[in-house]
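Working notes, beginning with the structure itself.
Any read-out appearing in this document is the output of simple, stated calculations on the displayed coordinates, not a laboratory observation. Because the structure is predicted, anything quoted here is derived from the model rather than measured. No Cβ is skipped: glycine too gets one built from the backbone with ideal geometry, and neighbour counts run over all protein chains shown.
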Amino acid sequence: MAALTFDDLLARARSLPGDGRRAVLGITGSPGAGKTTLAEHLVRELNGAGDPWVAHVPMDGFHLADVELDRLGRRDRKGAPDTFDAAGYAALLGRLREEAGDGTVYAPGFERVLEQPIAGAVAVERAARLVVTEGNYLLLGTGAWARVRAQLDEVWFCELDEQERLRRLIARHEEFGKSHEQAVAWVMRSDQRNAELVARTRDTADLVVPATALPVPHEPPPARATTTRH
C-alpha cells in the first residue's frame, strides 16, 4: 500500500462535511508530535484563496487559569488532563455541531507568552463547514474527556520519532523563556508523563498519521491568543 501523504490527508478532511452539516475533525498525539502544525497547514490549504470554510479551534483554550490551578494545588502539573476544563471543551464541540447555522460561535484561545487562556479569542463563523480541533487528550476515555470523543467525526493521531519529538518540545519551552536545563527538567518530569498517557490512546484513533505525512514546522508565528503549540 502506498505511503500516506499530506495530500491524502487534505482529501480525507475535505470529504468529512456532508448533507449541509458541519463536521469536526480532531487531531491528537503526544506533546511535541506536530498536532498544531498539521492543523494549521490543513486549515490554510483547505481554505486556499477562497472564502474560508474551515476553522481551527485548539483545545488549549480550555487550560485552567493559573489562579485556579493554584487554588486546586495543580500548577506544578500544568498540562495534565485534570488541569483543563474538559467538560467545557466537550460542550463547546457539541455547540459547534448543533449551531452550525446560528451565527458566530466564540471559543477561547491560549496566549503562549502569558501561558493563560483568553476568552472569546477564536471566532467560528457560520460559513465554517469543517472545524479542526487539536489537543493531547481527545481520545482519553476517562471522566469528561469521554464526552469529547463523542463530538468528533474522526480523530487522527500524529506519530513522530521519539527523539525528534523530545527535541522539538525542549526547543519550544526554550522559545518561551525557559533555560535549557529548565526545559529538559519540565519535559522529562511533566510532559513525558502526559506523553505516555496519550500514547496509550493511539490504537483508538481513526487514522495514525506517520511522520512522513506531517508538515515540517517552520519558524513559529508571532505569539497570539489563537496560536497554540503541542
Checking region 125-161 for GluC sites (Glu not before Pro) in a loop per DSSP with at most 16 other beta-carbon atoms within 10 Å yields Glu125
Sparse-neighbour loop sites [chymotrypsin sites (Phe, Trp or Tyr not before Pro); region 123-223; at most 15 other C-beta within 10 Å; DSSP]:
Phe176
Taking a crude spin-label model, label points 7 Å out from Cα along the C-beta direction, the Asp66 to Ala171 distance in nm is 2.6
Spelling it out for Val122: with amide H atoms placed in the peptide plane at 1.01 Å from N, the residues 5 or more places away or on another chain with amide H under 5 Å from its amide H are Ala107, Gly109
The long-range amide H neighbours of Glu159, using H built 1.01 Å from N in the peptide plane and a cut-off of under 5 Å, are Val209, Ala211
Quickly estimate the mean residue ellipticity at 222 nm for the chain, helices only: each DSSP H run with n ≥ 4 gives -39500 (n - 2.57), and the total goes over all residues, rounded to 500.
-9500 deg cm²/dmol
Which chymotrypsin sites (Phe, Trp or Tyr not before Pro) in region 24-122 sit in a loop by DSSP (not H, G, I, E or B) and have at most 15 other Cβ atoms within 10 Å of their own Cβ?
none
Loop by DSSP (not H, G, I, E, B), at most 16 other beta-carbon atoms within 10 Å: where is the longest site-free stretch of the chain for trypsin sites (Lys or Arg not before Pro)?
22-73
Residues meeting the amide H criterion for Ala55 (H placed from the backbone, H to H distance under 5 Å, 5 or more places apart or on another chain) are Leu130, Val131, Val132
